[in-house]
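First the structure, in the form of structure tokens, and then the observations on it.
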Amino acid sequence: MPPDELEPALDSLVAHELLFVQSDPRSPERGQFGFLQAVVREVAYGTLSKRDRKARHLAAAGYLESDRLANEEEIVEVVASHYLEAYGADPSAEDAASIKTKARDLLARAGDRAASLAAPAQAVGHFEHALELADDPLEQASLLERSGEAARAVGNTDRAGAEFERSIAHFESAGRANDAARVSARLAEVLWDQGHIEDGLARMERSFDVLSSGEPNEDLATLAAQIGRLHFFMGDMERSVQRLDFALTIAERLFLPEVLSHALNTKSLVLTVQGRMEEGRALLYHALTIAQQHGISGAILRAYFNLYLEPVDRVVEYSRLGLELARRLGNRQWELNFLGRRTSVHWRLGEWDEALAAAEPLLDPANWEAAGFALSRTLPVLAHLLVNRGQLEDAEKLLPLRQRAATTAGLVERADYFTSLAMVTRARGDLETARRARDELLSIVERMGIQHETTRESIAEAFEISIESNELDQAEWLIERTKQRMVADDDYLAPQVARFEPRLAAVRGDDAAAAEGFERSMQIVRRSSSPFIRAAAQVEYAEWLVGRGRTDEASPLASDARAIFERLRARPWLDRLADLEASLRANIPSLR
């Protein structure tokens, strides 16, 4: 209708309170009309014949496309809905196929847009509707792949896995081996999330055998980089480097920034566990630089996450940046990973209440599907915190959450579980189970080295179990092995070794070595970023001093340790200090 005919009709409908007009100057919908009551709208729409509905939906879609869609991408969903309704009004019409195609393409476009705007759950819905209108297997395969990516970002790994499986099947049936291989790399991550890393790796290796005889391309390089990553997490460093170098060769030649960033990232991890810290750090920072220069958000997130060996203030900053980026992207899985990282950092800095607060979403059953890796990495931290607060029952409740990791081929998850099991069972006096857990941990350390965060956290517990079990040769071997493989200024391992050496000497009755070791340990632990390590080392030294009648030297150590343990609310250590302080007051050298 011409405006001069339309406007009086609209004004009349507004006057009769059937329509309203948005007049708020701050509203992006200012000047638009709507039905005042939904029931009136439904009645009005219901009185239209299907033919009229189709014509009006097509007219609305055509108007929006011609006048607005080119410049206003946000209404693509509205246009798609009009085409969808037009198709549904008469799916047997001659033009139905073209309308259906238009609706499918716009729904897919809406899905891509939702994914780019941190709305992956909405993207999944759009891709699902587009899939219902797709007849071509290759089109279905593409939509399933994109839907799977969005589902994984939401944290729905079961759905993501199912979508990727269907996508692979469609690509393979169409003879598109490269595309199938690319999706296989995505599926492998889902299988890893679900505790089946070996299944994902086996599938990818089969795809690699097929593709590696052909022309090198991005899909092959992506696949090789992902295979290298999974070999690393299964502890096969040699195979990992083989596949990573293969991927990097292709990525350099074709300049594939995403492959370069991910492959360099994984290779940095391999170098780190081999003790080549500076070389590994250089590769990891360059992986981050490439990802940032090319706006590759997934690679940026992964680089932030893996910068865990930096000085603690930088780790805090990278975890903040990663959490903010994950939330902007609407990626629930990475958000939970960075909440896990914050939990670890707070724990290390002695901010235990803040650590528990950061971990709350990981312990929510609603998030367990998305939080698998994050919960695994946080389990030893929470177990240590709760055990050292005397909340042994709460710590025991954590173990069933990741019990399946006891048999997984993924070494990080296994180490996380057995470290937690060792802590809890040692605390409750079950040294037999604790020793078995320690032996599992030491076998993983031999494959993964001592520099990866998961194995570093197991070293202290393995030593404690060896001392309590009076396996002194085992404890000495562990200390020497750690000293041989750690770097000199290691902020986590160096203070731990400084604690362990004099304790072992004291147990063996070598007072001269113990005295020298305790003095050296005080210099080292006071520089540590961990208040807990400092306080524990001071208590251990003070107990040794009291046992030798040197109470004047022990008193300030006990006083400083008490201030730390009171802030941490570390009840078992406060009880231990109470016994020590009683001996100090009585000036009786009774503690050994």
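The values are calculated or read from the model by the stated rules, or taken from the named source; none is laboratory data. In this text the structure is predicted, and so the values were computed from the model without any measurement. Backbone-built Cβ (ideal geometry, glycine too); neighbour counts: all protein chains shown.
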Exactly one of 559, 555, 530 is within 18 Å of residue 349 (Cβ to Cβ), among the hydroxyl-bearing types (Ser, Thr, Tyr) and not assigned by TED's automatic domain parsing to the domain that holds residue 391, and that one is 530
- prompt: Within the range 50-68, is there a residue that is closer than 30 Å to residue 115 by Cα and among the hydroxyl-bearing types (Ser, Thr, Tyr)?
  reply: yes
Filtering the range 477-508 down to residues that are more than 13 Å from residue 525 (Cβ to Cβ) and of a type in the set (A, V, I, L, M, F, W, C) yields 477, 478, 479, 486, 487, 488, 504, 505, 506, 507
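Does at least one position in the range 186-197 carry a residue that is over 17 Å from residue 373 (Cα atoms) and assigned to a helix (DSSP H, G or I)?
no
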Scanning the range 356-380 for residues that are buried (at least 22 other Cβ atoms within 10 Å of the Cβ), without any contact (Cβ under 8 Å) to a residue 60 or more places away in the chain and within 21 Å of residue 424 (Cα to Cα) gives 359, 362, 374, 375, 376, 378, 379
Taking the range 80-111 and keeping residues of a type in the set (A, V, I, L, M, F, W, C) and closer than 11 Å to residue 50 by Cβ leaves 86, 89, 93
Among residues of the range 285-329 being farther than 25 Å from residue 355 by Cβ and outside any helix (DSSP H, G or I), the residue nearest to the chain's Cα centre (by Cα) is 296
A careful count of residues in the range 479-510 that are assigned to a helix (DSSP H, G or I) and either farther than 23 Å from residue 232 by Cα or of a type in the set (Gly, Ala, Ser) (or both) gives 17
Counting only residues in the range 453-491 that are among the small types (Gly, Ala, Ser) and over 30 Å from residue 373 (Cβ atoms), the one surrounded by the fewest Cβ atoms within 10 Å (Cβ to Cβ) is identified as 488
**Prompt:** What do you reckon, is residue 340 surrounded by 20 or more Cβ atoms within 10 Å (Cβ to Cβ) and on the phi > 0 side of the Ramachandran plot?
**Reply:** no
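If you go through the range 451-463 one residue at a time, do you hit one that is in a loop (DSSP other than H, G, I, E, B), closer than 19 Å to residue 348 by Cα and within 21 Å of the chain's Cα centre (by Cα)?
Yes, there is a match, as at least one residue in the range 451-463 is in a loop (DSSP other than H, G, I, E, B), closer than 19 Å to residue 348 by Cα and within 21 Å of the chain's Cα centre (by Cα).
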Of 25, 3, the only residue that is under 21 Å from residue 59 (Cβ atoms) and outside the structural domain of residue 63 (by TED's automatic domain parsing) is 3
Over the range 112-132, the set of residues crowded, with 21+ Cβ neighbours inside 10 Å and more than 24 Å from the chain's Cα centre (by Cα) is 126, 127, 130, 131
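Quick one: would you say residue 520 is closer than 22 Å to residue 350 by Cβ, assigned to a helix (DSSP H, G or I), under 39 Å from the mean Cα position of the chain (by Cα) and not assigned by TED's automatic domain parsing to the domain that holds residue 355?
The answer is no for residue 520.
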Within the range 308-324, the residues that are surrounded by fewer than 21 Cβ atoms within 10 Å (Cβ to Cβ), of a type in the set (A, V, I, L, M, F, W, C) and free of Cβ contacts under 8 Å to residues at least 40 places away in the same chain are 316, 321
For the range 413-447 the number of residues that are among the β-branched types (Val, Ile, Thr) and modelled with pLDDT under 90 is 1
When restricted to 553, 540, the only residue assigned to a helix (DSSP H, G or I) and in contact with a Leu (Cβ under 8 Å, 6 or more places away or on another chain) is 553
Across (1) under 23 Å from residue 516 (Cα atoms); (2) part of a helix (DSSP H, G or I); (3) over 35 Å from the mean Cα position of the chain (by Cα), residue 533 clears everything bar (3)
Going through the range 250-294 in order, the residues found to be among the hydroxyl-bearing types (Ser, Thr, Tyr) and without any contact (Cβ under 8 Å) to a residue 24 or more places away in the chain are 285, 289
Picked from the range 198-232 (must be of a type outside the set (S, T, N, Q) and not in a helix (DSSP H, G or I)), the residue surrounded by the most Cβ atoms within 10 Å (Cβ to Cβ) is 216
Scanning the range 247-284 residue by residue, those farther than 21 Å from residue 189 by Cα and outside any helix (DSSP H, G or I) turn out to be 255, 274, 275, 276
Output for Cβ contacts, cut-off 8 Å, separation at least six or different chains, first residue assigned by TED's automatic domain parsing to the domain that holds residue 22 in the range 34-45, second part of a helix (DSSP H, G or I) and of a type in the set (Gly, Ala, Ser), reads 35/44
Those residues of the range 30-77 which are β-branched (Val, Ile, Thr), modelled with pLDDT under 85 and either closer than 22 Å to residue 96 by Cα or in a loop (DSSP other than H, G, I, E, B) (or both) amount to 76
